[in-house]
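Asks: Sharing a structure below in structure tokens format, with a few things to ask.
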Amino acid sequence: MLYRATTNLVSTIIFSAFFIFTGMAQKPQWTIGMSQCNLGEPWRVQMNADVKKEADKHPELRVIFKDAQNDNLRQRAHVEEFIKAGVNLLIISPKEAAPLTPPVKAAFEKGIPVIVLDRRVLGNDYTCFIGADNKKIGKAAGKWIVSRLGGKGNVVELKGLMTSTPGQDRHSGFIEAIKGSNVKVIFEADMKWLEPNARREMESALARFKEIDLVYAHNDPGAHGAYLAAKAAGREKAITFVGIDGLPQEGQMYVRQGILSASFEYPTGGREAIQTALKILRGEKVSKEMTLPSRVFTKENIDKGGEWLKE
Amino acid sequence: MPAERHMNMGLVSRLKRWYASPLWRAIVSLSLVMFIGIIFNADGTFLQWDTHRDMLRQISVYGILACGMTLVIISAGIDLSVGSVLGLSAVLFALFSMHFSLPAWVSVLASLTVGVLFGALSGGVIARFNVQPFIATLGMMVFARGVAKWVSGGEKISTAVLLPDGTYNYVEPPAIFNFISSRILGGNIAIVTILFIACVVFCWVILDRTYWGRYLYAIGGNEEAARLSGIPVQRMKIAAYGLSGFFCAVAGICQAAQELQGDPEAGSTYELTTIAIVVIGGTSLRGGSGSIWLTLLGSLIVGYLEKILSINAVGEESRLMLTGAIIVGAVMLQRNARRNG
């Protein structure tokens, strides 16, 4: 008896609380489903934070977040759940193109507008793609490095996962930019985006080469790991460290602290996704393709919020 | 007379006997890896002390985890949660010491306590509810990672402290961080390596000099027999996993200090390397046998292997293939050792 009375009381409280809260808040007009492929990476945590920050400015929007934990099939299920729930718009940052093309297509054909963020899907069955160009960023980094070294020097390249497109593009853009100069890559290793690996590889590079002028890492944690290795060897002052991503609490912070000389922003597009979503929901026309501009952060410009890269 | 019989054994059979012991097998594996390093020495890099010092630093965190894993495996268990508990401890240690500015000893003690509690929780589930260690610690692996992400808000806990107004305050890394990531003896040995050696000695004392050690071997050898002979099996299991959690926390503190941050993702897949270290050393997954010295040798084998591949800038695909083949090769060598011995 007592048990039943307690459960009744508890459920009454929960339900009344629920009604009071829903009554108080303005009822959102539109629901957006946000399917994130992996929240294990700080950059993607930032992407969701950017989406949330922008969406919070608009009470007519409600965003539901789902994290696929780096699993294609789980993400596929998430998209299907969003379709079933009847969201007004879908934002997806897919893990991989091929496995996620069919569910995105299904949503699009059901009349749900789809914004594809950062990584692509195959074909044309989506409303808008928003992303930055890794190859351009790699190229910009390469140009910056050539001019910083005066056209000549020994570089260690710590690559991201080379089976991933960002890793490949950040590498090929860089190689393209240093071609023709006397900047040489004397040691390269795949650190799989991970700081402990970067530190380990950098220790090997330091042991093997007495003259290293610069470290180009495909992400900021990699550059930071390399810095820690150089610092342990007492050689951090002789080496310039350059990274990519430029997150506020990572790359920008390292530049501010003088650890990195430059960090190239790889924008998350979270803010732009919500702005575009609003346009679509209001019936305005949006372009199918949106390439995000990127900034470079250096000691000189960090307080002014970085400098936009020219095309 | 035993001595007389020993004399009569002859050189060949004595060598055979030598070679049949897991300890010698592990030393042979290590020598082989070292030999490869001397041949592929990357322009003499392998022959410098710095390379060995760095290898010892790199393997220390794994080695500390492997100390706890050895205790658990000797008791015929397994602990898959070591990487996650490491991540959680790293986050907590960074949070306590950098963001809450607590004194070093409080941060260390608090992180160690949480590690022991999480380990003991796994042990409790295994011992009291008779859940298989693989399942219980698999659950803990996922759960502890969740706690690490929840506590940290999914972001790295670094020297940038977010203030209520949205700006960052950059704090200096606490002295304890600098101490743990420094080197002593003229810069020739890292503090983390000293901590690793201390953990090995600690485990040796437990395993070889206390009742606890005898009990763990007995439980691993035959749990039912151990129970019938009056060994407190449940309590010993909780103790073994609790100790594993303790070593995870030590490793987490070392990881955070070396990275100057608490990364909630730190330690993912470390459990696999850790199990590989223990097994390559020669401690059997069946339990009841093995020693901490084998784990020390296993750490060196894995550490040297990684270092040699790294200084030679071997490509990722070859690294994976070679590492996989060598792990299986080393374990096969050990399997024969037990069969013959």
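The values are calculated or read from the model by the stated rules, or taken from the named source; none is laboratory data. It should be emphasised that the depicted structure is a prediction, and the values quoted were computed from it without experimental measurement. All Cβ positions, glycine included, derive from the backbone under ideal geometry; neighbour counts span all protein chains shown. Areas reflect the complete protein model, heavy atoms only, side chains present, ligands, DNA and RNA absent. Shrake-Rupley method; radii C 1.70, N 1.55, O 1.52, S 1.80 Å.
Asks: Normalised by the empirical 2.2 N^0.38 Å for globular proteins, what value does the Cα Rg of segment B:26-182 take?
Replies: Here the Cα radius of gyration is 1.31 times the empirical estimate.
Asks: Right, here's the next one. How much accessible area per residue does the protein assembly as shown have, in Å², with a 1.4 Å probe?
Replies: Value for the protein assembly as shown: 46 Å² per residue.
Asks: Related question: Long-range amide H contacts for residue A:185: which residues qualify at under 5 Å (H placed 1.01 Å from N, peptide plane, sequence gap of 5 or more or a different chain)?
Replies: Amide H neighbours of residue A:185: A:155.
Asks: Counting only protein chains, not ligands or nucleic acids, how are A:209, B:93, B:143 ordered by accessible area (probe 1.4 Å), most first?
Replies: B:143, A:209, B:93
Asks: Evaluate the Debye formula for segment B:1-95 with equal point scatterers sitting on the alpha carbons, no solvent, and hand back log10 of I(q)/I(0) at q = 0.12, 0.13 Å⁻¹, in q order, two decimals.
Replies: For segment B:1-95 at q = 0.12, 0.13 Å⁻¹, log10 I(q)/I(0) is -0.73, -0.80.
Asks: Running a GNM on chain A with Cα contacts under 10 Å, which residue among A:56, A:245, A:133 ends up with the highest mean-square fluctuation?
Replies: Answer for the Gaussian network model of chain A: A:56.
Asks: Which entries in A:53/B:149; A:135/B:307; A:152/A:210; A:52/A:95 show an alpha-carbon gap greater than 22 Å?
Replies: A:135/B:307
Asks: Next question, about the same structure. Show me you know the interface measure: the accessible area buried between B and A, both chains summed, probe 1.4 Å, in Å² to the nearest 100.
Replies: 2600 Å²
Asks: Carbon and sulfur together cover what percent of the accessible area of chain A at a 1.4 Å probe radius?
Replies: 55 percent
Asks: With a ≥ b ≥ c the root eigenvalues of the C-alpha gyration tensor of chain A, is it rounded (a/c under 1.5), prolate (a/b larger than b/c) or oblate?
Replies: The shape class here is prolate.
Asks: Can you tell me how segment B:103-151 classifies by the Cα gyration tensor, rounded, prolate or oblate, using a/c under 1.5 as the rounded cut?
Replies: Since a/c reaches 1.5 but b/c is at least a/b, the shape of segment B:103-151 is classed as oblate.
Asks: So, one more: Exactly which trypsin sites (Lys or Arg not before Pro) in segment A:171-222 are in a DSSP loop and have at most 12 other Cβ atoms within 10 Å?
Replies: A:179, A:210
Asks: When chain B is treated as a GNM, springs tying every alpha-carbon pair under 10 Å, which of B:262, B:315, B:119 comes out with the largest mean-square fluctuation?
Replies: The residue with the greatest mean-square fluctuation here is B:315.
Asks: Given +1 on the Cβ of Lys and Arg, -1 on the Cβ of Asp and Glu, and no further charges, what dipole in debye does chain A carry about its Cα centre, rounded to the nearest 20?
Replies: 100 debye
Asks: What are the residues whose amide H is under 5 Å from the amide H of residue A:37, where those residues sit 5 or more places off or on another chain and H is modelled from the backbone?
Replies: Here A:68, A:93 satisfy the definition.
Asks: Given the C-alpha atoms of segment B:26-340, compute the convex hull and give its volume per residue in Å³.
Replies: 145 Å³
Asks: What average count of beta carbons from other chains do you get within 10 Å of the Cβ of residues in B:154-164?
Replies: Across B:154-164, the average partner-chain Cβ count within 10 Å equals 4.
Asks: Using a 10 Å cut-off on Cβ to Cβ distances, tally the other chain neighbours for every residue of A:202-213 and report the average as a whole number.
Replies: Counting other chains' Cβ atoms within 10 Å and averaging over A:202-213 gives 5.
Asks: With a 1.4 Å probe and every protein chain left in place, tell me how much accessible area residue B:121 has, in Å² to the nearest 10.
Replies: Only protein atoms counted, so the area is about 90 Å².
Asks: Follow-up question, since we're still on this one. With every protein chain left in place, what is the accessible area of residue B:168 in Å² (1.4 Å probe, nearest 10)?
Replies: Accessible area, nearest 10 Å²: 70 Å².
Asks: Here's something else I'd like to know. Under the Karplus relation 6.51 cos²θ - 1.76 cosθ + 1.60, θ = phi - 60°, what is the ordered set of whole-Hz ³J(HN,Hα) values for segment B:235-247, x standing for Gly and Pro?
Replies: 3J(HN,Hα) across segment B:235-247, in whole Hz: 4, 5, 5, 4, 5, 4, 6, x, 5, 4, x, 4, 5.
Asks: Shifting gears a bit: With both bridge residues required to lie in the protein assembly as shown, what share of the DSSP beta bridges run antiparallel, to the nearest 5%?
Replies: 20 percent
Asks: Starting from the Cα gyration tensor of segment A:134-266, take the square roots of the eigenvalues, sort them a ≥ b ≥ c, and report rounded, prolate or oblate (rounded when a/c is under 1.5, otherwise prolate if a/b is larger than b/c, else oblate).
Replies: It comes out rounded by the Cα gyration axes.
Asks: With springs connecting C-alpha atoms under 10 Å apart, model chain B as a Gaussian network and identify which of B:305, B:30, B:228 has the largest mean-square fluctuation.
Replies: Of B:305, B:30, B:228, the most mobile in the Gaussian network model is B:228.
Asks: While we're here: Round to the nearest 10 and give me the degree value, 0 to 90, for the angle of helix B:10-20's Cα axis relative to the longest principal axis of chain B.
Replies: Roughly 30 degrees, rounded to the nearest 10.
Asks: Which residues, if any, in segment A:235-261 have at least 50 Å² less accessible area in the whole protein complex than in the isolated chain, probe 1.4 Å?
Replies: Residues shielded by partner chains are A:249, A:253.
Asks: If you count, for every residue in B:264-270, the Cβ atoms of partner chains within 10 Å of its Cβ, what is the mean?
Replies: Mean inter-chain Cβ contacts per residue within 10 Å come to 2.
Asks: Determine the gain in length on full extension of the stretch residue A:231-residue A:165; use 0.36 nm per residue of separation and subtract their C-alpha separation, reporting nm with one decimal.
Replies: Answer, rounded to one decimal: 20.7 nm.
Asks: Ok, one more. What helices does chain A have that are whole DSSP H segments, at least 30 Å long along their own axis by Cα, and with mean Kyte-Doolittle hydropathy of 1.0 or more?
Replies: Helices meeting the span and hydropathy rule in chain A are A:2-24.
Asks: Quick check: convex hull over the Cα atoms of the protein assembly as shown, volume per residue in Å³, rounded to an integer?
Replies: 202 Å³
Asks: Under the rule of -39500 (n - 2.57) per DSSP H run of 4 or more residues, summed and divided by the residues of chain B, what mean residue ellipticity at 222 nm is obtained, to the nearest 500 deg cm²/dmol?
Replies: The per-residue figure over chain B is -24000 deg cm²/dmol.
Asks: Using θ = phi - 60° and the Karplus relation 6.51 cos²θ - 1.76 cosθ + 1.60, list the HN-Hα couplings for segment B:262-273 in order, rounded to whole Hz, with x at every Gly or Pro.
Replies: x, 9, x, 8, 4, x, 5, 6, 5, 4, 5, 4
Asks: Something else: Out of the total accessible area of segment B:26-340 (probe 1.4 Å, heavy atoms of protein only), what percent is carbon and sulfur?
Replies: About 68 percent, which is the carbon plus sulfur part of the accessible surface.
Asks: Another question, then. Could you tell me the distance between the Cα centroids of segment B:108-166 and segment A:139-160, to the nearest Å?
Replies: So the separation of the two Cα centres works out to 41 Å.
Asks: What base-10 log of the normalised intensity I(q)/I(0) is obtained for segment B:125-193 from the Debye formula, alpha carbons as equal point scatterers, at q = 0.18, 0.22, 0.23 Å⁻¹?
Replies: Cα-only, vacuum Debye calculation for segment B:125-193: -0.86, -0.94, -0.97.
Asks: Protein chains only, probe 1.4 Å: how do B:99, A:218, A:78 rank by accessible area, largest first?
Replies: Per-residue accessible area, sorted high to low, gives B:99, A:78, A:218.
Asks: Also: Which aspartates and glutamates have a Cα less than 12 Å from the Cα of residue A:110, not counting those fewer than 8 places away in the same chain?
Replies: Within reach: A:80, A:125.
Asks: Counting other C-beta atoms within 10 Å, and keeping those with at most 16, which DSSP coil trypsin sites (Lys or Arg not before Pro) do you find in segment A:230-260?
Replies: Within segment A:230-260, the qualifying trypsin sites (Lys or Arg not before Pro) (loop, at most 16 other Cβ atoms within 10 Å) are A:235.
Asks: Which value, in Å² rounded to 10, gives the accessible area of residue B:237 with a 1.4 Å probe and all protein chains present?
Replies: Approximately 30 Å² of residue B:237 is accessible to the 1.4 Å probe.
Asks: Only bridges with both residues in chain A count here: give the DSSP antiparallel percent, nearest 5.
Replies: Once the DSSP bridges in chain A are tallied, antiparallel ones form about 10 percent.
Asks: What list of ³J(HN,Hα) values in whole Hz, one per residue of segment B:285-294 in order, does the Karplus curve 6.51 cos²θ - 1.76 cosθ + 1.60 (θ = phi - 60°) give from phi, with Gly and Pro shown as x?
Replies: 5, 6, x, x, 9, x, 7, 6, 5, 4
Asks: What residues have an amide H closer than 5 Å to that of residue B:288, excluding those fewer than 5 places away on the same chain, when H is modeled at 1.01 Å from N in the peptide plane?
Replies: Answer set, sorted by chain and number: B:75, B:76, B:220, B:221.
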